[in-house]
Amino acid sequence: MNELAVDPLVSPSELAGHINDPNLSLLDATWTFPGGPTPRADGSIPGAIFFDIDAVADQTTELPHMLPAPREFASAVGRLGISDKDRIVIYDRIGIFSAPRAWWAFRRMGAENVSVLDGGLPAWIAEGFQSDPGPAVHARPRRREFTARPREELSISFSELLARLPSELHPPPEPTTIIDARSLDRFSGEKPEPRPGLASGHMPGARNLPWTKFIDKEGRLHNPSQLKNIFAQHDIDPEVSMVATCGSGVTACLIALAAARIGRPDVAVYDGSWAEWGSQPQAPVETGE
């Protein structure tokens, strides 16, 4: 298990104390979907750069916001003015929703000094810190060098995950808990998927742990003690290898963030998630809770 170089979560007051540091890259990674959480539209944190997870993505696939190849990622974030040597702090204008996706992407590409702002822009404003009236800028004036050092263990492909499923003929190579961050009605198959053409249900043996369980009423991540209880209440042993999945690879990263906060920074995210799994005829699907 790899140790994290920094705490994966920073508070608004901690960020405020370093807001003028020259090596700080502050990113607004806000993303949502039709019918999803509504972002605040009333400003940005001073100095923030907008990180578009749909733009810094593999443009050769129809799957949504798939992580691009390391060279493409490095080129894209370098054009934004971000270096792998920066202190990278990521927030969204919802609270904690899409920021963990960018956090995971940078870690997957080898950045070590990267964290999520707890509570995002709403928490920053609630604590009385200055915000700018306009949106985050789309890039710094100058390109910077980002050297990608891919960490393959932080993601898992369709074929690799398929091989992890229990089978009478082929036992899985290692015990794995698949954790699905979608809502229960989507996980059970009671509610159809928002993307057309996808099967309804979940992967065999998966556990349902909706992403909303990790967030308190103020839009912040629960503390480590509470997070441990949440995993335990869903019969998930953090000592067992974990794979995080969701609808399109966004809220799965919130599972990875929560696990990192309790000492498991090595959770693999299934990038394709249900957008890929539910479209594959050979993918086994179960329904019910």
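Numbers at a glance
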item	result
Given (1) surrounded by 14 or more Cβ atoms within 10 Å (Cβ to Cβ); (2) in a loop (DSSP other than H, G, I, E, B), index of the condition Ala163 fails	(2)
Of all residues in the range 10-22 being polar (S, T, N, Q) and modelled with pLDDT of 95 or more, the one that is nearest to Glu127 (Cα to Cα)	Ser13
The range 179-224 - residue that is among the acidic types (Asp, Glu) and assigned to a loop (DSSP other than H, G, I, E, B) and, of those, surrounded by the most Cβ atoms within 10 Å (Cβ to Cβ)	Glu193
Residues (more than 23 Å from Trp274 (Cα to Cα), small (Gly, Ala, Ser) and at pLDDT 95 or above) located in the range 139-171	Ala148
Every residue from the range 33-67 that is touching a Pro at 6+ places or on another chain (Cβ under 8 Å), surrounded by 13 or more Cβ atoms within 10 Å (Cβ to Cβ), at pLDDT 95 or above and under 30 Å from Glu14 (Cβ atoms)	Ser44, Phe50, Val56, Ala57
Enumerated helices (runs of 4 or more DSSP H) restricted to the range 70-139, each holding at least 3 residues that are touching a Lys or Arg at 6+ places or on another chain (Cβ under 9 Å) and more than 18 Å from Ile49 (Cβ to Cβ)	120-126
Qualifying residue in the range 225-243 (condition: aliphatic (A, V, I, L, M), over 15 Å from the mean Cα position of the chain (by Cα) and either loosely packed, with under 15 Cβ neighbours inside 10 Å or within 30 Å of Asp58 (Cα to Cα) (or both))	yes
Conditions (1) out of contact with any helix residue (DSSP H, G or I) (no Cβ under 7 Å at 6 or more places or on another chain); (2) under 29 Å from Pro210 (Cα atoms); (3) of a type in the set (Asp, Glu); (4) touching a residue at least 60 places away in the same chain (Cβ under 8 Å); number of the one not met by Glu62	(4)
Any pair with Cβ under 7 angstrom, 6 or more apart, that starts in the range 196-217 at a residue that is over 22 Å from Ala259 (Cβ atoms) and ends at one that is of a type in the set (Asp, Glu) and surrounded by 18 or more Cβ atoms within 10 Å (Cβ to Cβ)	Ser200/Glu193
Of the criteria (1) in a loop (DSSP other than H, G, I, E, B); (2) under 25 Å from Ile125 (Cβ atoms), which one Pro64 fails	(2)
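The values are calculated or read from the model by the stated rules, or taken from the named source; none is laboratory data. Values in this document were obtained by computation on a predicted structure and should not be read as measured data. Every residue, glycine as well, gets a Cβ built from its backbone with ideal geometry; the counts of neighbours run over all protein chains shown.
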